[in-house]
Amino acid sequence: MSGRSTIATRLFWTVVLGGGAAIRYGAPALAATGAVCLAILLHRLDRPRRFRALVRRIARRHAATLALRRRQERFLDAYGNTIEDGWLREREYFVERTVLPLVEERGFSDYAEPHFDEMVEIVERVACAHELPDEMETPEDGIAYERYCAELLGEAGWDARPTGASGDQGCDVIAEKAGLRLIVQCKRYGRPVGNAAVQEVAAATLHWSGDMAAVVSNAGFTPAARKLAGTTGVLLLHHDDLATLAPARRAGRRVLAAGR
C-alpha cells in the first residue's frame, strides 16, 4: 500500500469514527476528530524531513569509512583532472546495500526509490564533513612510506620491519604478532593500485612463509585488484587501517578474518 493510500485510509476512518462519536458526544468529539486529522496531515507533511534525518543518521554511523573511501577513490590524472568514478560507484553501492534496506524497514519504501539521488547527496555531505588525518603528513618517498607503514603496524602491537629496497621479492614490510606473519607491499600512489601488486604480494607471501598478505596504499584499488584480492585472500588496506589491524590466520588461499 502506498503512502498516499495509507494516509487517505487513516483520514477516512478517522472521519467516519469521529463523525459517529460527534453525533453522540457533540462538539468535544468533533474537535478531537479534527485534531487527529490535523496530526495525521502534519505527520505526512513532515515525512521528507524525517526521511532525510534517517538517511543522515545511517550515513553518520559509517562516516569514517565513507570519508576514507572518498579519499581513496578520488585522484588526479596526468592532466590535472579529478577522477572520481570509483567514489561515485562507492556512494551508490553504500546507498543500495546499507541505506535502502534500513529506510524501507522504517516505512519509507515508497519514498526511497524516487529520492535515490537525494540519499546519495546526503552520503556525499556526510563523507565530506568527516575529518581525516592530513594526507600531507604521509611520506611521499617510497622507502619512507614503507617505514611509515611499519610504524603504524607497531602501534597495533606488531613486530614490524621494512625489508629494504632490494631482494624483497614483492615484500616491503614483514610484521609478526601472535605467532602469525604478515607480508605487506606498500604503494604510495596518486591513482588506484592495480592487480599486479596483489599478484606480487601473494607470491611474496609464499616466498616469506607468510600467514597473511596485504597491499597498503594511500590511494584506492582498481576493480581488478579487488577481484583478485577476494580470490587470493590478500587484504587491501589504507595505511590508516594499520594501527588497528588484528592478526588472522589464512585458510588455504583465503584470509579468514581481519578486524580493527
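Each reported figure results from applying straightforward, stated rules to the coordinates on display, with no laboratory input. As the structure is a computational prediction, the values presented were derived from the model and not from experiment. Here Cβ is always computed from backbone atoms with ideal geometry, including for glycine, and neighbour counts include all displayed protein chains.
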Peptide ranges 206-218, 141-153, 77-89, 93-105 listed from the most packed, as the mean C-beta count within 10 angstrom indicates: 206-218, 141-153, 93-105, 77-89
Treating the beta-carbon of each Lys and Arg as +1 and of each Asp and Glu as -1, no other charges, what is the dipole magnitude of segment 137-255 about its Cα centre, to the nearest 20 debye? 640 debye
If the label point is 7 Å along Cα→Cβ of THR65, which residues in segment 230-250 have backbone nitrogen under 20 Å from it? 230-231, 233-248
Can you list residues whose amide H is under 5 Å from ILE83's amide H, if they're 5+ apart or on another chain and H is modeled 1.01 Å from N? PHE75, LEU76, ASP77
Provide the per-residue ³J(HN,Hα) series for segment 215-229, in order, calculated from phi with Karplus coefficients 6.51, -1.76, 1.60 and θ = phi - 60°, each as a whole number of Hz, with x at glycine and proline positions. 9, 10, 8, 7, 9, x, 9, 6, x, 5, 5, 5, 5, 5, 4
Evaluate E = 1/(1 + (r/R0)^6) for ALA53 and ASP117, where r is the Cβ-Cβ distance and R0 equals 22 Å; express this FRET efficiency to the nearest 0.05. 0.80
Relative contact order for segment 52-132 using alpha-carbon pairs under 8 Å, separation at least 6, rounded to a whole percent? 47 percent
Pop out the ³J(HN,Hα) list for segment 232-244 in order, Karplus 6.51 cos²θ - 1.76 cosθ + 1.60 with θ = phi - 60°, rounded to Hz; leave Gly and Pro as x. 8, x, 7, 7, 10, 10, 8, 4, 5, 6, 5, 5, 10
Rounded, prolate or oblate: which fits segment 134-216 when a ≥ b ≥ c are the square roots of the eigenvalues of the alpha-carbon gyration tensor, with rounded for a/c under 1.5 and prolate only if a/b beats b/c? oblate
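At 0.36 nm per residue, and after removing the present C-alpha to C-alpha distance, how many nm does the segment from LEU132 to GLU176 gain when stretched out fully? Please report the intermediate quantities before stating the final value.
On the way: separation 44, 0.36 × 44 = 15.84 nm, distance 2.76 nm.
Gain in length upon complete extension: 13.1 nm.
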Between ALA31 and ASP85, what is the spin-label point distance in nm, taking each point 7 Å from the Cα along the Cα→C-beta axis? 6.7 nm
